[in-house]
Amino acid sequence: MNRFTCEEAFRRIDDYLDRELGPEETRLIEEHLAICASCLREFAYEQSVLDGVKRKLRRVMVPRALMARIQAELADAAEPDADAE
Amino acid sequence: MPELPPSAPAAASPVGRPARDREPFEGLLQEVLPPAFGVALRLTGDRPAAEDLVREASVRAFQSFASLDPGTSFGPWFFRILVGIWRAGHRPRGAGPDPVDWEDTPDLLLYAHSHGAGLPVAGSDPAAELLERLGTERVDAAIERLPEEYRLITLLYFMDDFGYREIAAVLDCPAGTVRCRLHRGRKMLQKALWQAAEEAGIAPARQPRTEGA
């Protein structure tokens, strides 16, 4: 296989963006993107959607009280023979 | 059962230590808590329930830490415990938002609709404007509309940097199932995001197709 068509590249867009393709298919995708502005725009847009959703969903703070509670429970669990007494 | 993937060097787990050695465990736990709390929050839809889930998973993981196999990644292992606890105690949440489906949903829906609506589709971060205008609450609401099996897999994907094999290890399913569901989950999410954009007036509402048109 020498080159990917637009359709062949498009079929692999998720796997490519997720870095799940092998080196040969990755190379073929990148060669295609280097010569196809339309596919490059679509791939870049998809990457931007993924990055944007990640940024939004990851804006979560772990409550300090939860951290403290977990640490206290771990301290209890780490006590030697805590359950046996 | 799929094997848990080997850990990345930076996240290597100090395996084989006694469970009562808290320091290495807490170091690993600190890294995984933010994504774990984010996943728990969206799975339970309730902050106190999410805190309970994460707390219980942390204690159980600590109790099993000594049995963690050498070379096993801590993150997927921890999430496997968390998801197991959630599933065991999970009760349907009752009527939620209208679920979104993936049939008849085209690939690259946001790109196609944004292009059609004159929203940016080129540049260094072309979807940023749309997502910023949607805001975190609407993105969360769109995730909420995914059917449960897709919501879980999509959350694991977005909240941590897990690959297909790692998600498969968390969910005890083949990597091919993860790939397929993730693909559908993304399509559904894009559909839900676009509908949210229409409802918020960020994007022009598309005219429904008429019979024979």
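Only the coordinates and a few stated rules stand behind these numbers; no lab work does. Model, not experiment: these values are computed from the prediction. All Cβ positions, glycine included, derive from the backbone under ideal geometry; neighbour counts span all protein chains shown.
A:Ala75 versus B:Asp21, label points 7 Å from Cα toward the beta carbon: distance in nm?
2.2
Taking only Cα atoms, what is the 0 to 90° angle, nearest 10, from helix A:64-78's long axis to the longest principal axis of chain A?
The angle comes out at about 60 degrees.
What does the charge add up to near B:Gly75, with Lys and Arg as +1, Asp and Glu as -1, over the other residues with Cβ less than 11 Å from its Cβ?
-3
In nm, to one decimal, how far is the modelled label at B:Glu129 from the one at B:Asp107, with both set 7 Å along Cα→Cβ?
2.6
Taking 1 over the mean of 1/r across every pair of different Cα atoms in chain A, what Kirkwood radius in Å do you get? Walk me through the numbers before you get to the answer.
Numbers: mean 1/r = 0.0597 Å⁻¹.
That comes to 16.8 Å for chain A.
Loop-only GluC sites (Glu not before Pro) in segment B:92-161, please: DSSP not H, G, I, E or B, and at most 13 other Cβ atoms within 10 Å. Working shown, then result.
Numbers: sites: B:Glu103, B:Glu129, B:Glu132, B:Glu137, B:Glu144, B:Glu148, B:Glu149; in loops: B:Glu103.
Within segment B:92-161, the qualifying GluC sites (Glu not before Pro) (loop, at most 13 other Cβ atoms within 10 Å) are B:Glu103.
By how many degrees, between 0 and 90 and to the nearest 10, does the Cα long axis of helix A:37-57 differ from the longest principal axis of chain A?
So the inclination is approximately 10 degrees.
Mind giving me the FRET efficiency for A:Arg3 and A:Gln47? R0 is 22 Å, r the Cβ-Cβ distance, nearest 0.05 is fine.
The calculated FRET efficiency here is 0.50.
Could you quote the convex hull projected area for the protein assembly as shown, Cα atoms only and averaged over all directions, in nm²?
19.0
What residues from segment A:1-21 fall in the zone where the backbone N is under 17 Å from a label point 7 Å along the Cα-to-C-beta line of A:Ser38?
Answer for segment A:1-21: A:4-13.
Does segment B:70-198 come out rounded, prolate or oblate, given a ≥ b ≥ c as the square roots of the eigenvalues of its C-alpha gyration tensor, rounded meaning a/c under 1.5 and, failing that, prolate meaning a/b above b/c?
prolate
Restricting things to alpha carbons, find the Rg to Rh ratio for segment A:14-58 using the Kirkwood radius for Rh.
Radius of gyration over Kirkwood radius for segment A:14-58 works out to 1.04.
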